[in-house]
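The values are calculated or read from the model by the stated rules, or taken from the named source; none is laboratory data. Since the model is a prediction, treat every value here as computed from it, not as a measurement. All Cβ positions, glycine included, derive from the backbone under ideal geometry; neighbour counts span all protein chains shown. We work out accessible area using only protein heavy atoms, side chains counted, and drop any ligands, DNA or RNA first. Shrake-Rupley method; radii C 1.70, N 1.55, O 1.52, S 1.80 Å.
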Amino acid sequence: MTPHIPDAVSWCLAAGALAAAALLLRQRRITGSLGERIGALEDSVAARDEAAHRLAAVQAPALATAPHALPGDLPPAADARLAGTAFAGHLHSVLEQFAGAAALARDRADQSAKTALKGAVRALQGLANEQQLSISDMQDRHDDPDVLRDLLEIDHANSQFGRRAQAIAVLCGSWPGRQRRVSALSDVVRGAKSRIRDYRRVEVRTQLELAVVSRAVEPVVLAVAELLDNAARHSQPNTTVEVNLQPAHNGACVVIDDAGVGMDEREVRRAGYLLSGQRAVDVTRLGDPPQFGFAVIGVLAARYGFSVSVDTRSPYGGVRAVLFLPSALLTQPEPETEPEPAAAAQPAPAATAFPAPAPAPAPAFPAEPLRQTAGGLPKRRRRHASPEPAAAAQPAADARLGSEADWDAAWGRSAEDTARRMGAFARGTRAGRAATTDPEGTPQA
């Protein structure tokens, strides 16, 4: 039996080697699969870390700073490695909640800023109106050319101040605050021209026989004034701002061309966004200092139904602004009211038993020609007694006449004559009134 022992040992060693090889192969396969799984888990952890970092460092600040941004407008919170996982869904939910909270905070801040601005602007508008009344009263009381020239400059500065306050009030939700009658389109443009600083540089080249309805006159004046002010501020002082009125198929256009610096593509897109008036404008994000012009025009355009565009280059290298008024905001100019006919042209009342009034006495002072100041303004006349009445009144003054009879005698008229004239005038007035109505108040022929 001794010779068979080595063979048995050999077979055992061979079987053990085969079992060990099989175990080694199995262990290697298990180790490889575990390595792949660990690598996938590591990739998933890295993707989650990267998504969380992007959410905290990129997307959340973008939602906090970008006005009215939505989660769909931003890149996805997770990359392709996390697509369809619960972690990606949770990240998207967090992003939506943060976007809603940011939008709510922006709306509250914007509403608070608008409320504060509206209260302050109302007080400023009241002061501007009081100042305007004071300036108008001074213009009526003073006739000195130098004083009137200074008052006109103060009046122009006050009108600019009122326009700025009015624009801010409109942006904060108020109405323009003025109701005007139907006005010709050319008068509307001239009214807007008078409210800007550089009004001398604006040239209205064409006229148009159309008028703006009363409810849209003040909004259109304010919008055109903002466009003219923007064109004048962004162009050289030695250039002109050209305004043309053009009819259209279903409305009319106010075309404003300047020779300024123009706008790049980004500025044109932002201006189009503001002028559209489709979304509410956050007053806290209009720059420093804030630029209210395009935002105010957009609010007025959306509220009253006209449109404004600045996406065209002017022939002079600047910007061409076009304000389009639809036919619903246009009408025909009102006919000018003719002056009432003079009293002499009216038919005489029916004859009565009362005597006709005596003819009026000749004026004691001769008519003087209308004089004008050096600036072309009418000059108030100061009346002085003519030499004849003064000479006739001199003896009476020397005698210190105090009675009415002496005063009438000084003017060459007796007291009886004066009483007779006044009585005739009163009787003629009563006769004229009685001839037009009967005792019951019914008009007669």
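Results, tabulated for the structure shown:
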read-out: Contour minus Cα-Cα distance for L133 and V45 (0.36 nm per residue); value: 24.3 nm
read-out: Accessible solvent surface per residue of the range 152-239, calculated while the other protein chains remain in place, 1.4 angstrom probe, Å²; value: 47
read-out: Heavy-atom accessible surface of the range 9-58: percent carbon and sulfur, 1.4 Å; value: 67
read-out: Percent carbon-and-sulfur accessible area, the range 173-231, ignoring ligands, DNA and RNA, probe 1.4 Å; value: 44
read-out: Amide hydrogen neighbours beyond the local backbone of A248, cut-off 5 Å, H modeled; value: C253
read-out: Simple spin-label estimate for S174 and L152 in nanometres, 7 Å along Cα-Cβ; value: 3.0
read-out: Average projected area [Cα convex hull, the range 150-226], square nanometres; value: 5.4
read-out: Peptides ranked, highest mean first, by Cβ atoms within 10 Å: ranges 236-245, 90-99, 182-191, 36-45; value: 182-191, 236-245, 90-99, 36-45
read-out: DSSP bridge pairs, the range 167-255: antiparallel proportion in percent, nearest 5; value: 70
read-out: Highest-first arrangement of 289-302, 122-135, 315-328, where packing means the average Cβ count within 10 Å; value: 289-302, 315-328, 122-135
read-out: Per-peptide average of other Cβ atoms within 10 Å, ordering 46-58, 247-259 highest first; value: 247-259, 46-58
read-out: Shape of the range 215-269, Cα gyration tensor, a/c cut at 1.5; value: prolate
read-out: Per-residue HN-Hα couplings for the range 324-334 [Karplus 6.51, -1.76, 1.60; θ = phi - 60°; Hz; x = Gly/Pro]; value: 9, 9, x, 4, 5, 9, 10, 8, 7, x, 6
read-out: Phi-based couplings in Hz for the range 141-155 (Karplus 6.51, -1.76, 1.60; Gly and Pro marked x); value: 8, 10, 10, 6, x, 5, 5, 5, 5, 5, 5, 5, 5, 5, 4
